[in-house]
Amino acid sequence: MDLVKSHLMYAVREEVEVLKEQIKELIEKNSQLEQENTLLKTLASPEQLAQFQAQLQTGSPPSSSQSQGTTQQQPAQPASQGSGPSA
């Protein structure tokens, strides 16, 4: 019986360590996402923020239109920077 108990305790300790590591990773990812969210809010125009709020209220999925809007804006900035020195 002691062998079963010790094996079970060992398995539980291992699982606790795995879960602690997962919690640590999730906390780090959450922090990164919060920073990204803050940055995106700062860079978003008032019209984009209003559109986002409207989508939240209607229940439409904001991720597809918002992510397309941000991906369209981000490549435009490096392209204009890249074309400036080459011109």
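The values are calculated or read from the model by the stated rules, or taken from the named source; none is laboratory data. Since the structure is predicted, the reported quantities are computational estimates derived from the model, not experimental observations. A quick note on method: Cβ atoms are made from the backbone with ideal geometry, for glycine too, and the neighbour counts reach across all protein chains shown.
Cβ-Cβ contacts under 7 Å between residues 6 or more apart (or on different chains), taken from a first residue in region 29-54 that is part of a helix (DSSP H, G or I) to a second residue that is of a type in the set (Gly, Ala, Ser), are listed as Gln48/Gly69.
When you look at Leu19, is it more than 19 Å from the chain's Cα centre (by Cα), surrounded by 10 or more Cβ atoms within 10 Å (Cβ to Cβ) and modelled with pLDDT of 95 or more, yes or no? It is true that Leu19 is more than 19 Å from the chain's Cα centre (by Cα), surrounded by 10 or more Cβ atoms within 10 Å (Cβ to Cβ) and modelled with pLDDT of 95 or more.
For the residues Lys24, Lys29, Lys41, the requirement of being charged (D, E, K, R), modelled with pLDDT under 95 and surrounded by 10 or more Cβ atoms within 10 Å (Cβ to Cβ) singles out Lys41.
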